[in-house]
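Here the structure comes first, spelled out in structure tokens, and everything after it is commentary.
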Amino acid sequence: MASEQVYGVTPPISVTLPTEAEKRASDALIEELRRQKTFESPSDTDKRHSFRYKVLASLQEICNEFVRKVAREKEPKNEILIKNARGKVFTYGSFRLGVFGPGSDIDTLIVAPKYVTREDYFKHFPDLLVSMAPPGSITDLTVVTDAFVPIIKFEYSDISIDLIFSRIIQKQISPDFDNLKDSSLLRGLDEAELRSLNGTRVTDEILALVPEESTFKLALRAIKLWAQRRAVYANIMGFPGGVAWAMLVARVCQLYPKAATSVIVNKFFLVIGQWRWPQPVLLKPIGSGPLPVRVWNPKVYKGDSFHLMPVITPAYPSMCATFNITRSSMSVIQRELRRGLEISEQIMVGKRPWSDLFVKHTFFTSGYRYYISVVSASKDKEAHKVWSGYVESKVRMLVQKLEQHPSIALAHAFNKGYDRRHRCKNDHEIEQVQEGSLEFMIKEESGSQSGEIEPKPEVKDGSAETSSPVEVFTTTHYIGLELEEGAKSLDLSYQVDEFKVLCTQWKKYQEELQPSVSLGVQHVRNFNLPDDVFDPGEEKPQKKSAKSM
Ligand code: 3AT
Ligand code: MN
Ligand code: MN
């Protein structure tokens, strides 16, 4: 008997083939995913898909021209080098994984020969891009040189592109160079370059490690939709991100190599919900490699032993994709996995529809009685991007401090921040906005998300208002609090102060951003939550009247 390939670090749990009922459940699931618009509408998907490949081909051409330009600049006499100068465009993210949806961007990576540096990339690529692409097709070009992964972002004929860069230590890129599997390609690279190559390497490994790609992709679409609806999708806020959810689904596919999509989704909730954390989820044994770089290992690195739900990337150097998970987010995730199991069990026996699985979260409607809001505010749009991004990346730290408070059982950070704009007439109004007031908020008209809005005509009311109104930008994060039974006091000033110190210690805050930005942290009762966190038809919690006692 020919032995079949075993995927993963243990033998499968079951190799049974799908039953008719399971196949029907898969069809119903795909039907529901369509209804929920996780696929592009079939009418124009082919057209758009071929258009995306045209955009990628154009980027490949621009990439080659860019490498040639650097070759000419650095080795003007080396004709052979210039003649063979080319780079290679790879993709990663949801496009590479095959779970591209209507709101997705295309995540792309440029790989260049060793004489091309990141500095060259940032110096030449943006201009070449604009001059080589069809006139007017490149918009919203943003260059972020000092990020964890340095990146150029833009829209190419309304397709969002994330473009990152790495060189490899080779004099030339051969015309048939088409994958990044070989770990020795990582030799001689700096950390940013390693991270840039990592996205594609991890995606490719995941795809290579699942027994049936099409089943994996459909199941992943379902789990991504579920995680987004239930607000447990967001790396930065302490939940798994796209890559981590993909690896979790991939592991379940390995354990049920022949199963139908519906079964994978159902078993996902079973297997991941009952996982014996902190045992890591691995798609293959953790490998060693040629570099003196850190590979995830809780026996060697104390820090790694604190990871609560480790999900480990398969490509060398293996890392934990879920190091952000906190005690609270873990219990929220587990609560959602239990819910998912309960509902999917009933779906599998025909007692409930798939739509029940994807019902929106109730974080604001019936989640908590007490919330904390974290408001980052700025008077300048550009400064606000920087400041709100930094504060967002620290909200998890506040969560961890709150978790330690004796009166708090759980501190649940909502997975997204709320961006708002306000128009203030004086310093007093600005202060109120900074402290969380929404009294001066500019109501965005639907359809004009970022368009400038005409200032309201000034109403002369006799009060002395000399300067013109200023616009204030805020981003607010909400943390729901579950109190310990019988908890009385809720003095969080120590935790809040520590958090503020943490944010305002930032060099960039001290040297550039202050005093045009600020940070406010407030208590909010559920009945005082702002209207805009509720969808039409959702019921806002009401204050219980004292008389009803
Ligand atoms: P979409 O379909 O685009 O919504 P996606 O999975 O492609 O889902 P992203 O485009 O946000 O998600 O991210 C693609 C990959 O880029 C995932 C991760 O490996 C990397 N990445 C994204 N954001 C960050 C970040 N802030 N730091 C490091 N890596 C990131
Ligand atoms: Mn993407
Ligand atoms: Mn992206």
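As a calculated quantity, the FRET efficiency between K171 and R294 at R0 = 25 Å, using C-beta atoms, amounts to about 0.30.
Computed from phi, the 3J(HN,Hα) profile of the stretch 390-400 under the Karplus parametrisation 6.51, -1.76, 1.60 (θ = phi - 60°) reads 5, 4, 4, 5, 9, 4, 4, 5, 5, 3, 5 Hz, with x in place of Gly and Pro.
In the chain, the calculated helix contribution to ellipticity at 222 nm averages -12000 deg cm²/dmol per residue, counting -39,500 (n - 2.57) for every DSSP H run with n ≥ 4.
When the dipole is taken about the Cα centre of the stretch 8-52, and only Lys, Arg (+1) and Asp, Glu (-1) are charged at their Cβ, what size is it in debye, to the nearest 20? It would help to have the intermediate numbers written out before the result.
Details: 8 positive and 8 negative charges, 45 e Å.
Value, rounded to 20: 220 debye.
Using a Förster distance of 22 angstrom, determine the FRET efficiency expected from the C-beta separation of R276 and A208, and round it to 0.05. About 0.25, to the nearest 0.05. What residue among M309, Q279, W226 has its Cα farthest toward the positive end of the dipole of the stretch 216-310, where the charges are +1 on Lys, Arg and -1 on Asp, Glu, each on the Cβ? Farthest along the dipole direction, towards plus: W226. With 19 Å as the limit, the listed pairs K224/K443; K224/K258; K500/K543; K379/K401; K37/K217; K224/K284 have K224/K443; K224/K258; K500/K543; K379/K401; K224/K284 beyond it between alpha carbons.
Could you tell me the relative contact order of the chain? Use alpha-carbon pairs under 8 Å, at least six residues apart, and round to a whole percent.
Values: 877 pairs, mean separation 74.4, N = 549.
Once normalised by length, the contact order is 14 percent.
Let a ≥ b ≥ c be the square roots of the eigenvalues of the Cα gyration tensor of the chain; is it rounded (a/c under 1.5), or, if not, prolate (a/b larger than b/c) or oblate? Oblate is the answer for the chain, as a/c is 1.5 or above yet b/c matches or exceeds a/b. Which residues in the stretch 20-53 have a backbone N closer than 20 Å to a point placed 7 Å from the Cα of K351 along the Cα-to-Cβ line? Within reach of a label on K351, which here means backbone N under 20 Å from a point 7 Å along Cα→Cβ, the stretch 20-53 contributes 21-26, 28-29. Neighbours of P285, meaning other residues whose beta-carbon lies under 14 angstrom from its beta-carbon, give a summed charge of +1 when Lys and Arg score +1 and Asp and Glu score -1.
Could you name the aspartates and glutamates whose alpha carbon sits less than 15 Å from that of K507, not counting residues in the same chain fewer than 8 places away? Here the aspartates and glutamates satisfying the reach criterion relative to K507 are D146. Here the simple spin-label model places points 7 Å from the Cα toward Cβ, and for T117 and R48 these points are separated by 4.1 nm. In order along the stretch 26-32, the phi-based Karplus estimate (6.51 cos²θ - 1.76 cosθ + 1.60, θ = phi - 60°) of 3J(HN,Hα) comes to 5, 4, 5, 5, 4, 4, 5 Hz; Gly and Pro are listed as x.
What number, in percent, do you get for the relative contact order of the stretch 44-203 if the mean sequence gap of Cα pairs under 8 Å and at least 6 apart is divided by its residue count? Write out the running numbers ahead of the final one.
On the way: 245 pairs, mean separation 37.6, N = 160.
23 percent.
Given R0 = 51 Å, the distance between the Cβ atoms of V470 and E79 translates into a calculated FRET efficiency of 0.30.
Taking 7 Å steps out from each Cα toward its Cβ at K153 and S41 produces label points 2.7 nm apart. Within a straight-line Cα-Cα reach of under 12 Å, K83 can be paired with the following aspartates and glutamates, leaving aside sequence neighbours fewer than 8 residues apart in one chain: E65, E75. Taking a straight Cα-Cα cut-off under 17 Å and skipping sequence neighbours fewer than 8 places away in the same chain, the aspartates and glutamates within cross-link reach of K47 are D105, D158. Taking amide H positions as modeled 1.01 Å from N, with prolines and chain starts lacking one, the residues under 5 Å from F165 and 5 or more places away or on another chain are I110.
How high is the relative contact order of the stretch 2-107? Use alpha-carbon pairs under 8 Å, at least six apart in sequence, and give a whole percent. Mind showing how you got there, number by number?
On the way: 53 pairs, mean separation 24.3, N = 106.
Once normalised by length, the contact order is 23 percent.
If each residue of separation counts as 0.36 nm, what is the full-extension length gain between L128 and R187 once their alpha-carbon separation is subtracted?
Values: separation 59, 0.36 × 59 = 21.24 nm, distance 2.87 nm.
My answer for the length gained is 18.4 nm.
Seen from P314, the other residues with C-beta closer than 14 Å to its C-beta sum to a net charge of +2, counting Lys and Arg as +1 and Asp and Glu as -1.
About the Cα centre of the stretch 44-203, how large is the charge dipole given +1 on each Lys and Arg Cβ and -1 on each Asp and Glu Cβ? Please answer in debye to the nearest 20. Intermediate values should be presented prior to the final figure.
On the way: 23 positive and 23 negative charges, 117 e Å.
The calculation lands at about 560 debye.
Fully extending the segment from M441 to D146, taken as 0.36 nm per residue of separation minus the present Cα-Cα distance, adds 103.0 nm.
Taking packing as the residue-averaged number of other Cβ atoms within 10 angstrom, the listed peptides 491-501, 416-426, 240-250 run from highest to lowest as 240-250, 416-426, 491-501. Between the alpha-carbon centers of the stretch 262-336 and the stretch 504-530, tell me the distance in whole angstrom. Centre-to-centre distance over Cα atoms comes out at 32 Å. Remark: the stretch 86-93, residue by residue, has Karplus-estimated 3J(HN,Hα) of 7, x, 9, 8, 10, 10, 8, x Hz, where x stands for each Gly or Pro and the curve is 6.51 cos²θ - 1.76 cosθ + 1.60 at θ = phi - 60°.
Using a simple charge model, +1 on the beta-carbon of Lys and Arg, -1 on the beta-carbon of Asp and Glu, nothing else, what dipole does the chain show about its Cα centre, in debye to the nearest 20?
Values: 72 positive and 70 negative charges, 306 e Å.
My answer is approximately 1460 debye.
Which semi-axes, in whole Å and largest first, does the equivalent ellipsoid of the stretch 44-203 have when worked out from the alpha carbon gyration tensor as the square roots of 5 times its eigenvalues?
Details: eigenvalues 118, 69, 45 Å².
Working through the eigenvalues yields semi-axes of 24, 19, 15 Å.
Pairs of Cα atoms in the stretch 29-130 fall into 10 Å distance bins, from 0 up to the last occupied one, in shares of 13, 37, 24, 15, 8, 2, 0 percent. One chain, two ends: K23 and N528. Fully extended at 0.36 nm per residue, the span grows by 177.1 nm beyond their Cα-Cα distance.
Values quoted throughout were computed directly from the atomic coordinates according to the rules given, and no laboratory measurement underlies them. All values derive from a computational prediction rather than experimental measurement. Here Cβ is always computed from backbone atoms with ideal geometry, including for glycine, and neighbour counts include all displayed protein chains.
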